[in-house]
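Take a look at the structure set out below.
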Amino acid sequence: SLSVVNPIGSGDATMAGLVFGILSGESIEETLKLGAASGMANTQTKVSGVIQKATLEKYLSLIDVRKLS
């Protein structure tokens with residue numbers, strides 16, 4: 001479970017992660033992970049829009065994106 005410190009700006013952080021993934025040429029799976037992890041990492045700081053690299057990497061390692069068939 002995710003204990004939220006401050007949710008403000010998490011939607012913007014999610015969008016920033018998605019845009020970063022697209023512009024970096026990442027796969028759709030990796031782009032989705034970047035978006036989700038960025039939004040999640042944003043909730044862990046008191047200041048909106050500030051993401052710690054270690055927190056982002058932690059959530060990236062926990063997210064599993066799969067295609068449904």
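Yes/no per residue for (1) polar (S, T, N, Q); (2) more than 23 Å from residue 68 (Cα to Cα):
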{"residue": "4", "(1), (2)": "no, yes"}
{"residue": "10", "(1), (2)": "yes, yes"}
{"residue": "13", "(1), (2)": "no, yes"}
{"residue": "16", "(1), (2)": "no, yes"}
{"residue": "29", "(1), (2)": "no, no"}
{"residue": "34", "(1), (2)": "no, no"}
{"residue": "47", "(1), (2)": "no, yes"}
{"residue": "51", "(1), (2)": "no, yes"}
Flagged pairs (Cβ under 9 angstrom, 6 or more apart or on separate chains; first in region 2-18, within 11 Å of residue 48 (Cα to Cα) and of a type in the set (Gly, Ala, Ser); second modelled with pLDDT of 95 or more and open to solvent by 40 Å² or more (accessible area, probe 1.4 Å)) are 10/40; 13/40
For region 34-48, state whether one or more residues are part of a helix (DSSP H, G or I) and free of Cβ contacts under 8 Å to residues at least 12 places away in the same chain.
-> no
Among residues belonging to region 49-61 that are among the polar types (S, T, N, Q) and in a helix (DSSP H, G or I), point out the one that is least open to solvent (accessible area, probe 1.4 Å).
-> 55
Those residues of region 21-40 that are of a type in the set (Val, Ile, Thr) and in contact with a Gly (Cβ under 7 Å, 6 or more places away or on another chain) come to a total of 1
Where residues in region 1-42 are of a type in the set (S, T, N, Q) and more than 11 Å from residue 56 (Cα to Cα), which of them is most open to solvent (accessible area, probe 1.4 Å)?
-> 1
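The values are calculated or read from the model by the stated rules, or taken from the named source; none is laboratory data. The structure presented is a predicted model; accordingly, all values stated were derived computationally and were not measured. A quick note on method: Cβ atoms are made from the backbone with ideal geometry, for glycine too, and the neighbour counts reach across all protein chains shown. The protein model used for the area step is the full one, side chains on, heavy atoms only, and it has no ligands, DNA or RNA in it. Shrake-Rupley method; radii C 1.70, N 1.55, O 1.52, S 1.80 Å.
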